[in-house]
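Read the structure below first, then the notes.
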Amino acid sequence: MARQGGRATDPRKVSQELFTLTYGALVAQLIKDYEQDDEVNKQLDKIGFLFFACRGYNIGVRLIEDFLARSGIGRCNDFRETADVIAKNGFRMFLGITPQVTNWSAAGDEFSLIMDANPLADFVELPDDHNQLNYSNILCGVIRGALESVQMAVDVRFVQDILKGDNQTEIRVKFIKRLEDALPAGEE
Amino acid sequence: MTNNIISKLEQMGCRVGQSLAERFTRDSPRFGSELDIIKFICKEFWVGTFKKQVDNLRTNHLGVYVILDSRFKLLTHMSAGEQYLESAPKYLAFTCGLVRGALASFGINSVVTAEVSTMPSCKFQISIPKT
């Protein structure tokens, strides 16, 4: 794959290899530290959550603000619109892919994101003794954190993963409730 | 505790540096000398990783190399004042590991340290012990 010279102009960017391999190193480190796959899954989810909703944590910019500022997106009217924004704007902006939104539940409160390509898992093969690991589980936390920042509680989980031998990678997102009065302390 | 975190970050960087170096050199011929390898780090490796070349390279020809990047990518997101100067080492441990890992994949053992005096400019010192 030839790297295009023109893409080097955005001063914010580092290379995709660096990103992908660094994520790999993070997962490997978590496995070293926590040993159990389900505990690693939990930690990845938590880290992703903090990316967007680091309320009370002094770890730099909340990505949600970055996202809202750069995308110029306003309020969504319903959950379907929210799903589209996540796929077409969110994933597009941060990962450069657009997952497909599909498998809506009858009540319209649950959908799936299907990913053909997953940049996080580009160079990855899961060893046999880690078959419980949801390698890209950080994405669940990211979605959960992003939606919580706009007052929406959701449940997000991996149902299929190409890394585990499934045909496609599928993330299931379920609406739980609207959060009222969720402004962080110290902000008006 | 802090040291532990910094060494973990450094080791993560090392792992990534090794893989990156392997990827970037997939189609290149064998390097002739140590200096060639360092030059590769300054050019191809830095461009492939941070999308820019380093700004300056100096050496004492005794195994010590100093790389200067006057707008280091991983520091440009931070305020350029003195506010975060103190925490800069935490953000650079990973990169030190990156360079050490890359060199290790060419069979060079090294010690890499970083130094920031004004953000976002950064100096990396590579020491290669002579055997």
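Structure summary
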read-out	value
On Cα atoms only, tilt of B:2-24 relative to the major axis of chain B in degrees	40 degrees
Region A:35-47 - phi-based ³J(HN,Hα) in whole Hz, Karplus 6.51/-1.76/1.60, Gly and Pro as x	6, 7, 4, 5, 5, 4, 3, 4, 5, 4, 4, 5, 4
Trypsin sites (Lys or Arg not before Pro) within region B:1-106: DSSP coil, no more than 13 neighbouring Cβ in 10 Å	B:R26, B:R30
Under 14 Å, Cβ to Cβ, from A:S112 - net charge with Lys/Arg +1 and Asp/Glu -1	-4
Computed over region B:3-61, the ratio Rg/Rh where both radii use C-alpha atoms and Rh is Kirkwood	1.02
Cα-based Rg / Dmax (Å) for region B:87-131	11.4, 36
Anchor B:K52: lysines whose Cα lies under 17 Å away (excluding residues fewer than 8 positions away in-chain)	A:K13, B:K39, B:K43, B:K73, B:K123
Reference-scaled alpha-carbon Rg (2.2 N^0.38 Å with N residues) for the protein assembly as shown	1.09
Mean Cβ count within 10 Å, highest first, over the residues of peptides B:92-98, B:61-67, A:74-80	B:92-98, B:61-67, A:74-80
Percent of Cα-Cα distances greater than 23 Å, calculated over region A:57-142	35 percent
Nearest-ten-degree value, helix B:88-105 long axis tilted from longest Cα axis of chain B	10 degrees
Projected-area mean, chain B, by convex hull of Cα positions, square nanometres	8.1 nm²
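A short reminder: the numbers here are calculations on the coordinates, not readings from a lab. As the structure is a prediction and not an experimental result, all values here were calculated from the model. No Cβ is skipped: glycine too gets one built from the backbone with ideal geometry, and neighbour counts run over all protein chains shown.
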